[in-house]
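The structure appears below as structure tokens.
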Amino acid sequence: MAKTNVKKVVLAYSGGLDTSVIIPWLKENYDGCEVIAACADLGQGDELDVVHDKALKSGASKVYIENITKEFIEGYVWPTLKAGAVYEGKYLLGTSFARPIIAKKLVEIAEKEGADAIAHGATGKGNDQVRFELTIKALAPQLTIIAPWREWNLDSRSAEIEYAKKHDIPIPTDNKTYSMDRNIWHLSHEGADLEDPWNAPKNSMFLISKAPEDAPDKAEEVTIDFEKGIPVGVNGQKLDAVKIVETLNEIGARNGIGIVDICENRLVGMKSRGVYENPGGSILYYAHRELEYLCLDRATFHFKEHVAVKYGELVYDGMWFCQLREALAAFVDSTQQTVTGTVKLKLYKGNIISAGSKSPYSLYSKEFVTFEHDDVYNQADATGFINLFGLPLKVRALVQQNQNK
């Protein structure tokens, strides 16, 4: 029976089979509601060339294609990079922080169009449903959320294809082996032979990076400039945010950088095996950390490592707009005031190798650490320091000795 509580829906549309089928399904199951297709351009390339016409042919009344790549990098990637946030030690959050900005754009379009609902094509098994919906709840709690994968009986690709044919919906001609998500920051691969963690990724799967063994036999050197933790230049040339990521993607890809294979813990409770191509991001994370080694004091650096883990979990869990992430971001920004300088790296067959770093705010002092003669550090001072620092150990040992007598 058709549901009548929704009259106009904004759909997160990608042009793939799922979201193409969702358009007529919504109209059929929500009493002929109007469906507006909205697609976010996050630098995924020519994937969007056919989106507009396909959405209209599938039954959408209007199509939005919003290029938000610059906002994505500056407002979502850079804050996460500054935090050093990585999920479970490997995943650079390429899909995770893309969903909040997409959902934010969906809300803006829904409010502009006077829509009363937002729909998405995320499955009931994954993390994306959470990320979309938490953002919508945070920004527009009055909107109804429709998740067809949790409602319909189209439980397989063949069932979707049959439904599409029945409703004269254009079906994607490409038959992808893997489930993939792509934006300017990364490309993810899931499914097929990757569902067995024992299977190594096939080199033919990589669409961005070269396999490390196919990379050049000579190392390539690259320098990255930072200002207050934000990348501002590559190889001595000042570049905007989008160009920095594009440039480092090219450099990293040809050197086999940034291929990550992880069996990660999804928020919904299951483990999922994914392979990610993240050449530019891997270089930036490595370089940023190298500069922090120079510019942050011990206590701040160590505490920030704890913050990074929590920050990464919040982003992964779709909590971008929660109070804690915003508070952690404020802490991170305060730590980045002196993270300015240049990092030099060597890239070789999938490896990133430190090759030098410098900063006007460097806390490294050759005068203090030199093995040669110096007039600034009295080594005799260490005796008192060690006596006080080790006092709890000494007292405990004395107590134990007395008890054993």
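The values are calculated or read from the model by the stated rules, or taken from the named source; none is laboratory data. Predicted model only: the values in this text are computed from it and were never measured. Neighbour counts are summed over all protein chains in view; Cβ atoms, including those assigned to glycine, are modelled from backbone coordinates with ideal geometry. To get the accessible areas, we keep the full protein, side chains included, count just its heavy atoms, and leave off ligands, DNA and RNA. Shrake-Rupley method; radii C 1.70, N 1.55, O 1.52, S 1.80 Å.
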Mind listing the long-range amide H neighbours of Q44? Cut-off is under 5 Å, sequence gap 5 or more, other chains count too, H placed in the peptide plane at 1.01 Å from N. I184
Could you sort 188-195, 378-385 so that the peptide with the highest average Cβ count within 10 Å comes first and the rest follow in order? 188-195, 378-385
Projected onto the charge dipole of the range 44-159 (+1 at Lys/Arg Cβ, -1 at Asp/Glu Cβ, origin at the Cα centre), which of P79, I68, I102 gives the Cα projection farthest towards the positive end? P79
Fraction of beta bridges assigned by DSSP in the range 86-194 that are antiparallel (%, nearest 5): 60 percent
If packing is taken as the average number of other Cβ atoms within 10 Å across a peptide's residues, how do 316-325, 391-400 rank, most packed first? 316-325, 391-400
How much accessible area per residue does the range 269-405 have, counting only protein heavy atoms and a probe of 1.4 Å, in square angstrom? 62 Å²
Length-normalised contact order of the range 30-161 in % [C-alpha pairs under 8 Å, at least 6 apart]: 19 percent
Leaving ligands, DNA and RNA out of it, report the carbon-plus-sulfur percent of the accessible area of the chain at a 1.4 Å probe. 52 percent
Among V343, L398, H306, the residue whose Cα sits farthest towards the positive end of the charge dipole of the range 267-405, when +1 is placed on the Cβ of each Lys and Arg and -1 on the Cβ of each Asp and Glu, is L398
With contacts defined as alpha carbon pairs under 8 Å and 6 or more residues apart, what's the relative contact order of the chain in percent? 17 percent
Restricting to Cα pairs under 8 Å and 6 or more apart, the percent relative contact order of the range 155-245 works out to 12 percent
S158 to N199: FRET efficiency via 1/(1 + (r/R0)^6), r the Cβ-Cβ distance, R0 22 Å, to the nearest 0.05? 0.35
Can you compute the charge dipole magnitude of the range 195-252 about its Cα centre, using +1 on each Lys and Arg Cβ and -1 on each Asp and Glu Cβ, nothing else charged? Give it in debye, rounded to the nearest 20. 180 debye
In Å², rounded to a whole number, the accessible area per residue of the range 28-131 with probe 1.4 Å is 36 Å²
Residue-by-residue Karplus 3J(HN,Hα) for the range 206-222, coefficients 6.51, -1.76, 1.60, Hz, glycine and proline x: 5, 10, 10, 8, 6, 4, x, 5, 9, 6, x, 7, 10, 5, 10, 9, 9
Summing -39500 (n - 2.57) over every DSSP H run of at least 4 residues in the chain and dividing by its residue count gives a helix-only mean residue ellipticity at 222 nm, to the nearest 500 deg cm²/dmol, of -12000 deg cm²/dmol
How big is the dipole moment of the range 310-356 about its Cα centre under a simple scheme where the beta carbon of each Lys and Arg is +1, that of each Asp and Glu is -1, and everything else is neutral? Debye, nearest 20, please. 400 debye
Counting only DSSP beta bridges with both partners in the chain, the antiparallel fraction in percent, to the nearest 5, comes to 65 percent
Net dipole in debye of the chain [+1 Lys, Arg Cβ; -1 Asp, Glu Cβ; about Cα centre; nearest 20]: 800 debye
